[in-house]
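Trainee: Please find one structure pasted underneath; my questions will follow.
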């Protein structure tokens, strides 16, 4: 019956080894790593500050287009040229649609900023592509150690190999020691890698991004980009040239619009890759959501480690053969020549386990 | 290998492996070689009325009805049309790759490749076109552009057609490097006048990934097949 501990260890090992396949980790974990790679360039304070500045710049330009542009055009342009400067659909779109688009982008940016630290915490974990193997490797090792111990408990009867003078044989000792070390290692791993803090942070970050990482949000961001690009083009190619042609100091009269046009290339260079990263990672994000909650992962290791440690402690330390109990052992032969001997409990009688000698039993 | 077509009316001409035009006689069926010398796009209030052009359809839009993307940098009255201008090579080399420069972007993110078409402003940033051996967006090896003609109809593949804009790459070929025709992507079709070598070819290519994911590019090349530029 004491083999139950080793069977438990084998089951835990198989469970650990099979978990990645069961949860699709071999595909989802590396994809998650790629997602982190794609977002890493943006998850820096200075970059996020730039995004905030771009939004404010666009807000100011839209407000100025709504409140000052017509006045400036009316003051400096004649009736014939005035429409060229102000009556462009893209400029009208900017004043009409940008406030709502800005609010939406602002919320998205706020979510990203709020999760900057969580992102870096998750990014500090070992590479995601390795995560499945953190289960498979110890799982297979535990299974192998347990199998070794069980096999040692089921050797054929006869002269016990390696038995001491009292007839005890340490057949399961290597397996027990290995399982104990492995168990302690699994228990310690989450603490070593800071998983108790980082994994819950990752879970919280994924939850926060549920409203951000959607096709709808990506589409909104694309439309916002088109809105700004269209307005910038109209302001740059029509409004400002017409006003400057009338000797208007546009930097003085329309500073926000002038600044928006001047900075557009920088804005486009910053914004479009971010939209691209969101678009490219929608599926990878959904893959991470399909995994068990990140906060559970440290406890998978701890639970598995405790089970292995308990198995190691509960497994039979030494087994006294019945033959040794009833008869003094034969002089020791060379280990290579000794016949394999089964483990026999002096207390067990008639227990299953020995095909050749039904009188032996295994506990 | 070049096989000259004759004016025989019996129709028993052997199939041609390569088709040519110009000085050596009318074009026969087969693979086109040489340079598709691009005719510059010409605008009026309605858009591009002749020559080569580019348009972009917004996600979910119709290839005929739009909605199309406005490019304020277009000189056309209808700014959804962007005219293309022949590049340093004069146009598109058939059967040969035309890679971009080692650094495909300027400091400001403008595309630098200028062999096929001149870099063209789009949203204030120039886009550039190249046909490299490895598609920069997908990282996959791609064949050079190949077109063929059968009875004056042109078809083929433009898989290597790659656009560089604002420090990003977009494959605008058809089929895509993985051989698929996603969304609004359609293989090139066109016509070739066997007597004059005048050629048109057009295709559509949906952008997969990146900030313009789901947008579809409509490419239209007009020009003349110049066999003297055969590689």
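The values are calculated or read from the model by the stated rules, or taken from the named source; none is laboratory data. Note that this is a predicted model, so its numbers are computed, not measured. Glycine also receives a Cβ, built like all others from the backbone with ideal geometry; neighbour counts cover every protein chain displayed.
Trainee: Would you point out the residue of segment B:166-175, among those that are part of a loop (DSSP other than H, G, I, E, B) and under 18 Å from the mean Cα position of the chain (by Cα), that is nearest to residue B:54 (Cα to Cα)?
Mentor: B:172
Trainee: Where residues in segment B:176-195 are outside any strand (DSSP E or B) and touching a strand residue (DSSP E or B) at 6+ places or on another chain (Cβ under 6 Å), which of them is nearest to residue B:159 (Cα to Cα)?
Mentor: B:185
Trainee: Here is a further query. Would you confirm whether or not segment A:18-40 contains a residue that is closer than 20 Å to residue A:209 by Cβ, surrounded by 15 or more Cβ atoms within 10 Å (Cβ to Cβ) and over 18 Å from the mean Cα position of the chain (by Cα)?
Mentor: no
Let's see how each residue does on (1) free of Cβ contacts under 8 Å to residues at least 12 places away in the same chain; (2) part of a helix (DSSP H, G or I):
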position	(1), (2)
A:63	no, yes
A:72	no, yes
A:79	yes, no
A:84	no, yes
A:90	no, yes
A:93	no, yes
A:121	no, yes
A:137	yes, yes
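Trainee: Still on this structure, I have one more. Among the residues of segment B:146-165, write down those that are touching a residue at least 40 places away in the same chain (Cβ under 8 Å), more than 12 Å from the chain's Cα centre (by Cα) and surrounded by fewer than 24 Cβ atoms within 10 Å (Cβ to Cβ).
Mentor: Within segment B:146-165, B:148, B:150, B:151, B:152, B:154 meet the criteria.
Trainee: Another one. Within segment A:115-161, track down each residue that is surrounded by 16 or more Cβ atoms within 10 Å (Cβ to Cβ) and at pLDDT below 70.
Mentor: Matches in segment A:115-161: A:155, A:157, A:158, A:159, A:160, A:161.
Trainee: Any residue at all in segment A:259-277 that's away from every other protein chain (no Cβ under 14 Å) and at pLDDT 95 or above?
Mentor: yes
Trainee: Of everything in segment B:115-131, what is more than 11 Å from every other protein chain (Cβ to nearest Cβ) and buried (at least 20 other Cβ atoms within 10 Å of the Cβ)? Give them in sequence order.
Mentor: B:115, B:116, B:117, B:119, B:120, B:127, B:128, B:129, B:130, B:131
Trainee: How many residues are closer than 18 Å to residue A:259 by Cβ, surrounded by fewer than 22 Cβ atoms within 10 Å (Cβ to Cβ) and at the interface with chain B (Cβ under 7 Å from one of its Cβ atoms) if we restrict to segment A:207-235?
Mentor: 0
Trainee: Collect the residues in segment B:45-64 that are away from chain A (no Cβ under 13 Å), modelled with pLDDT under 95 and either more than 21 Å from the chain's Cα centre (by Cα) or not in a strand (DSSP E or B) (or both), keeping them in residue-number order.
Mentor: Passing the criteria: B:45, B:46, B:63, B:64.
Trainee: Follow-up question, since we're still on this one. Taking residue B:212 as meeting all but one of (1) at pLDDT below 95; (2) under 30 Å from residue A:235 (Cβ atoms); (3) touching a strand residue (DSSP E or B) at 6+ places or on another chain (Cβ under 8 Å); (4) surrounded by fewer than 23 Cβ atoms within 10 Å (Cβ to Cβ), write down the number of the exception.
Mentor: Checking residue B:212 against (1) at pLDDT below 95; (2) under 30 Å from residue A:235 (Cβ atoms); (3) touching a strand residue (DSSP E or B) at 6+ places or on another chain (Cβ under 8 Å); (4) surrounded by fewer than 23 Cβ atoms within 10 Å (Cβ to Cβ), the one that fails is (4).
Trainee: Restricting attention to helices (runs of 4 or more DSSP H) lying wholly within segment A:207-301, give those where 1 or more residues are more than 30 Å from residue A:16 (Cα to Cα) and touching a residue at least 60 places away in the same chain (Cβ under 8 Å).
Mentor: Those helices (runs of 4 or more DSSP H) span A:215-234, A:240-245, A:250-253, A:255-280.
Trainee: Let me ask something additional. Based on this model, can you work out whether residue A:147 counts as away from every other protein chain (no Cβ under 14 Å), assigned to a helix (DSSP H, G or I), in contact with a helix residue (DSSP H, G or I) (Cβ under 9 Å, 6 or more places away or on another chain) and farther than 19 Å from residue A:49 by Cβ?
Mentor: Here the answer is yes, as residue A:147 does meet what is asked.
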